[in-house]
Structures are given as C-alpha cells and as structure tokens.
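What follows is one structure encoded as structure tokens, with my remarks underneath.
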Amino acid sequence: MSQFQIGDTVETIDDVIKGKVNAIHGNNITIISDDGFPLVYAPHELVLIADEIRVSNYEIARIKKEKELPKKRKTAVVRPKERNAPKMEVDLHINQLVKNPKQMDNYAMLNLQLETAKRQLDFAIGKRIQKVVFIHGVGEGILKEELRYLFNKYDNIKYYDAEYQKYGLGATEVYIYQNP
C-alpha cells in the first residue's frame with residue numbers, strides 16, 4: 001500500500017518540482033505539477049508535504065495592524081471639577097503633632113488632635129479647598145468618632161471613608177461645599 005493518496009501535495013527529492021497526486025498505478029505515481037504537466041515518479045522519489053495554510057494579504061495586514069496598535073490604558077473618569085481640586089492631607093497621629101507624646105495623657109492627646117483637626121478644617125474652608133483627608137489611624141476608633149462628631153457641627157461639609165487603596169481604614173475624607 002502506498003503512503004500517498006490522490007490529492008496529496010508532494011515534492012520531488014532530486015528536483016524542484018511540486019504538484020498534486022493525480023493517479024496511483026502500482027509503483028508509479030502520476031502527479032500534476034504546479035505548471036500543469038503530468039509527471040510519473042516512483043514513491044521513493046517523492047516527499048509528502050503538509051497542506052499549506054493559505055492566508056490572504058488582507059488577513060496579514062489586519063493582524064499586523066492589530067499588533068501595531070498601542071494597548072489602551074484604563075484611566076479613571078474624573079470630572080473636570082474634581083480633577084483640578086487640590087486635596088489637603090492632615091496627619092493626626094500624635095507623634096506628628098508633638099515631639100514627645102509620652103509626657104501627655106490620653107485626654108490631652110485627643111484634645112490636641114481634635115483642635116488640630118478643627119483648625120485645619122477652618123483653614124481649608126477659608127482657603128476654599130474642597131477636599132481634606134484627615135489621617136487618624138485605625139486604633140480603637142475613639143479619634144475617628146470624635147472627628148465625626150466635630151464634622152457634624154458643620155452644615156457645609158460631608159464626610160466619608162477616604163480611598164481605601166491609599167489610606168486603608170485609617171482616614172476620613174471631608175468634602176467642603178463652596179458657596180459662590
């Protein structure tokens with residue numbers, strides 16, 4: 001039994017002739033060359049080649065164009081008003097406010113932190129800064145609750161947890177509504 005079948009694409013071993021198997025008669029294989037001529041060869045003179053994958057120039061151009069396109073980067077949609085608004089950060093950790101916090105008791109530390117927060121919030125309102133982030137840390141949550149009590153005294157602000165990726169759970173962002 002011959003390894004070749006009618007319709008197979010073959011090439012000759014000793015020549016640069018390529019064609020398709022047209023007929024098989026014993027040990028004689030007739031091929032039709034790419035030039036259209038019938039030629040007869042023995043099986044040991046031919047090599048079976050896999051069917052070629054044909055791709056049009058249109059498909060090649062499309063693939064090249066896809067590879068050349070720069071990857072689109074995902075950007076967060078920010079409204080123009082928010083993009084230009086400066087953001088102020090106030091770190092209320094006690095070691096940021098005094099040099100030696102060990103000399104203070106908890107009540108004095110909390111009062112200093114709250115006075116600093118009130119002073120910075122009043123400053124931001126006066127300078128028309130729309131966003132202020134108060135970094136209070138996680139701790140036991142006492143400072144956070146006192147800050148929220150302070151913020152509730154103002155009617156032109158709203159507050160919410162600050163951006164988690166940047167601050168974790170230890171910060172509160174205040175948005176100040178600006179009066180024209």
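Sorting Asp8, Asp155 from the fewest to the most surrounding beta carbons within 10 angstrom yields Asp155, Asp8. Applying 1/(1 + (r/R0)^6) with R0 = 22 Å to the Cβ-Cβ distance of Gln96 and Arg119, what FRET efficiency is obtained, to the nearest 0.05? For R0 = 22 Å, the calculated efficiency reads 0.95. Computed from backbone phi with θ = phi - 60° and the Karplus coefficients 6.51, -1.76 and 1.60, the 3J(HN,Hα) list for region 115-126 is 4, 4, 4, 5, 4, 5, 5, 5, 4, 5, 5, x Hz; x is used for glycine and proline. As a length-normalised measure over Cα pairs under 8 Å and 6 or more apart, the relative contact order of region 109-180 settles at 37 percent. Extending 7 Å from the Cα toward the beta-carbon at both Ala108 and Tyr149 defines two label points whose distance is 2.1 nm.
For Tyr154, Tyr149, the sequence from fewest to most other C-beta atoms within 10 Å is Tyr149, Tyr154.
Here, each number is a calculation from the coordinates, and none is a lab measurement. Note that the structure is a prediction, hence the values are computed from the model and not measured. Every residue, glycine as well, gets a Cβ built from its backbone with ideal geometry; the counts of neighbours run over all protein chains shown.
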